[in-house]
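Reading through the structure tokens given below for one structure.
The values are calculated or read from the model by the stated rules, or taken from the named source; none is laboratory data. Only a predicted model underlies this, so the values are computations on that prediction, with no experimental measurement involved. With ideal geometry, Cβ positions are generated from the backbone for all residues, glycine too; neighbour counts draw on all protein chains shown. What goes into the accessible areas is simple: the full protein's heavy atoms, side chains included, and nothing from ligands, DNA or RNA. Shrake-Rupley method; radii C 1.70, N 1.55, O 1.52, S 1.80 Å.
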Amino acid sequence: MKNHRFVLFGAFLVMAGCSSEEGQKTAARDPLAPYPPTGVTREFELTIDETQWEVGPGAIYNAIAYNGVIPGPPIEVDAGDHVVLRVTNNAAKPHSVHTHVVKFTYTNDGTHNSVVAPGETKTIEWDAVYAGTFPYHDHGDEAEGTKRGIFGALIVHPPGEAKANEHVVVLADFDQGEYDSLPGVADPETGEFPDAGVYHGGHQYMHTINGKGYEDAIPAFKGKVGELQRFRVVSIGNEFHTWHIHGHRWLDGSGQLTDNVQLGPGMYTTFEFMEDNPGTWLVHCHVGEHMEGGMIADYVVTP
Amino acid sequence: MKNHRFVLFGAFLVMAGCSSEEGQKTAARDPLAPYPPTGVTREFELTIDETQWEVGPGAIYNAIAYNGVIPGPPIEVDAGDHVVLRVTNNAAKPHSVHTHVVKFTYTNDGTHNSVVAPGETKTIEWDAVYAGTFPYHDHGDEAEGTKRGIFGALIVHPPGEAKANEHVVVLADFDQGEYDSLPGVADPETGEFPDAGVYHGGHQYMHTINGKGYEDAIPAFKGKVGELQRFRVVSIGNEFHTWHIHGHRWLDGSGQLTDNVQLGPGMYTTFEFMEDNPGTWLVHCHVGEHMEGGMIADYVVTP
Amino acid sequence: MKNHRFVLFGAFLVMAGCSSEEGQKTAARDPLAPYPPTGVTREFELTIDETQWEVGPGAIYNAIAYNGVIPGPPIEVDAGDHVVLRVTNNAAKPHSVHTHVVKFTYTNDGTHNSVVAPGETKTIEWDAVYAGTFPYHDHGDEAEGTKRGIFGALIVHPPGEAKANEHVVVLADFDQGEYDSLPGVADPETGEFPDAGVYHGGHQYMHTINGKGYEDAIPAFKGKVGELQRFRVVSIGNEFHTWHIHGHRWLDGSGQLTDNVQLGPGMYTTFEFMEDNPGTWLVHCHVGEHMEGGMIADYVVTP
């Protein structure tokens, strides 16, 4: 929110001969084959800060976050890039950066000796040799840091990827005990005002899309008819979700037609569809309590 | 239960030349390719009514339901049919019909201006151009209506589908606060009788198959050796389930051998197997608490 | 722990001509085609005993278990084997053995008349005609027995299976009401010592890998660079898990690259990867509360 100290030092070296013949179906590739090195090194600076994060109007969360924002800034690279992260921990406890599927050695894992003590800076390195969308997140003390907001999305583009309108979706449940204030919504039965993120059986402001709860606070996703839409969805926390987009459908990773994909904590999916259906659509987690708790937004498609 | 005012106005126009060459593996088809229009329009009338629904002997739920039954009547059409639903809301709050995967415009989505106010009737239209089994359900006020029972299954048959003995399974969790009465099962520790659907750590009458809990209330599924069995399973509500059939196995949507498939809220699957194993088998959700809470039934196979 | 009365009576008859041409990708096989009979009968003796099971140092669980151990002994056979289990129930209530995917008749299902009364012995028989890893577990009284620890893994090797370093992983949640003692970890807020497996919002010693909680109690998984690693993961109980291995990746059953697979109760997966990344890695359920509750272990890879 404040504190967007996200720095891309940029690409230093680009290898020649980056072929475009891979603009075909990725299904034809062996998914276990790493992409060859691009020769490019991408550097990112991440800080870990305690912050007051506004989940929605009047709903203030005692958060810890990468660069002060929830989710942390997208880390966006090309498959084959070498990634260098300089991580500074300004919070009171040890934290780190762990991620998924990319290659790294044991000492760059975000656990053990790559955890960053309060006040320290450490550098970790990855080889992003597989394309896709993955969560990156704290691993300093099991799950406490991710509950407080220390997570984001890593995006690895394959060579020759089709041009698309991209949407990054980070699903997370927030710890109801960490709310500093909540909006003045009285319990319809008791007339009392909630103080811990939950009222009347629902889980108000608990379930978030990109760090925010409900349509009023979550910026609408936007698309245009005739544009390829690509959704990159990752999930983090304690809950299992089903991500539903009204009025649209796509193939999931196993090739099945769907409009509702399931993601447990630490899971991720990337899918796309050609936009052909204008209107203001709901996108939401299909779990009743999660939708009631904030995990619902608009997807506005213009003709 | 009462109130089965389900009307099929029928097929008006059948296009010639409905080929039967598609009785092959559906895997060969591009799952994103819509089926061509049949030229048939199917009309259905759905009412939304408050009702006392008997989940099991003595377990009365303060329900709201399509046509007074939980699940609502199956909406069964052929791929390529145009579907017209006339929805009348007899309940106290706004409700609607939303569904999955079929094509519809923004104004037929069951949200925004296709929500039906109390006392009103609205007509919505879909093109059922993809085959499969999908949930249809209320979207009037996020999750409240589905918790009360406003849901059902939509069945879209592909052309040339193999003849089978069909089983429709709608999994749902019920809101324990909405039980009006429960059977006289005393808590074994306290001797007290439950009044809210839960006792002794279990979730009695909370977890339902086709609107009912436990083998006594859920009509047994029935099959015969030598018959192709087709299960159409949809899930709605707050919970994730795993649907297990004893003594049988099949290929899931991604082609893996299984006897236990996972469905989160809003998810759906259709699978089939050739019956070869006579006996009285259990079918149930494999989540311990859900089985204990009612999500268990018999599947009786005769030789 | 004590009481490892696991007896393999051995193989009686081995058919000639066991071809090795199946050392290829199993993907090419029709997954619904049963493996032909090997002519081998494998006999196992299982007892069901009440026991005090040490989930971790000082955490004693009032368990019921096959052969006194949680999980029960692996039942390991070759695809095509006939399996005979002699089951003796030394516990106070009726219990049984049910399993998944293998072929058995209605009377060998672990329900109805194959449930074993206290003090009795019964024999059940299966044909293990499909390869994979599956849970076996009590079905005497719905979910009570599995909550207490009556479960294990069944391993069915396909012919020509590649030689690998095998890891069996049984994920289960334990019933917090059944702990007899817990380690002396005071609640940091109240100073009180927990007596039911839960403190401070976490679920201490609730979530187990192979019957144990946390790295101190769970024997480390071990591998070597250059060795094929095969993980056989099954899940049982009330919870959904995502099984994550740090620093590694593999293809899931549907052919997608992943490092984090989802398993609900009764689900199972077998996957493998060539080891190339030395170090001490974490393996854990990615659900925050489950990791905090004990479902976390080490995977030590030597060069």
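List of remarks:
- The HN-Hα couplings worked out from phi for the range B:216-225 by the Karplus form 6.51 cos²θ - 1.76 cosθ + 1.60 (θ = phi - 60°) are 5, 9, 7, x, 4, 6, 10, x, 10, 4 Hz, whole numbers, x standing for Gly and Pro.
- Gyration tensor (alpha-carbon) shape descriptor, the range C:42-91, a/c threshold 1.5: oblate
- The range B:128-138 - phi-based ³J(HN,Hα) in whole Hz, Karplus 6.51/-1.76/1.60, Gly and Pro as x: 8, 8, 10, 7, x, 10, 9, x, 10, 6, 4
- Solvent-accessible area lost on pairing B with C (1.4 Å probe, both sides summed) amounts to about 2600 Å².
- Other-chain or far-sequence residues with amide H under 5 Å of B:Tyr136's (modelled H): B:Gly152, B:Ala153, B:Leu154
- Exposure of C:Glu54 as accessible area (Å², to 10), given a probe of 1.4 Å and all protein chains: 60
- Set the Cα radius of gyration of the range B:67-142 against 2.2 N^0.38 Å, with N its number of residues, and you get 1.06.
- Look at the stretch C:241-247: the mean tally of other chain Cβ atoms within 10 Å of its residues' Cβ atoms is 5.
- Copy-to-copy label separations for C:Leu32, where each label sits 7 Å from Cα toward Cβ, in nm and ascending: 2.7, 2.7
- Highest-first arrangement of A:246-259, C:144-157, B:153-166, where packing means the average Cβ count within 10 Å: C:144-157, A:246-259, B:153-166
- 3J(HN,Hα) along the range A:35-40, derived from phi through the Karplus expression 6.51 cos²θ - 1.76 cosθ + 1.60 where θ = phi - 60°, amounts to 6, x, x, 7, x, 8 Hz, with x in place of Gly and Pro.
- Taking 23 Å as the limit for the C-alpha separation, the pairs A:Lys163/A:Lys222; B:Lys222/C:Lys103; A:Lys212/B:Lys93; B:Lys163/B:Lys222 exceed it in the case of A:Lys212/B:Lys93.
- Taking all protein chains together and a 1.4 Å probe, the residues C:Lys212, A:Lys103, A:Lys222 rank A:Lys222, A:Lys103, C:Lys212 from largest to smallest accessible area.
- Interchain or long-range residues, amide H under 5 Å from B:Val169's placed H: B:Arg232, B:Val233, B:Val234
- At least 10 Å² accessible surface lost relative to isolated chain, residues of the range A:258-272 (1.4 Å probe): A:Thr258, A:Asp259, A:Asn260, A:Gln262, A:Pro265, A:Gly266, A:Met267, A:Tyr268
- Per-residue mean of C-beta atoms belonging to partner chains within 10 Å, peptide B:286-295: 6
- The rotation axis taking chain B to chain C passes closest to the C-beta of one chain B residue; that residue and the distance in whole Å read B:Ser254, 2.
- Pseudo-label separations to other copies for C:Ala220 - Cα-to-Cβ vector, 7 Å, nm: 5.5, 5.5
- Amide H contacts under 5 Å for C:Asp81: C:Thr38, C:Ala128, restricted to partners 5 or more places along the chain or on a different chain, H placed in the peptide plane at 1.01 Å from N.
- For the range B:256-296: rounded, prolate or oblate by the Cα gyration tensor [a/c cutoff 1.5]: oblate
- Centroid-to-centroid separation of the range C:73-95 and the range C:121-147 [C-alpha atoms, Å]: 7
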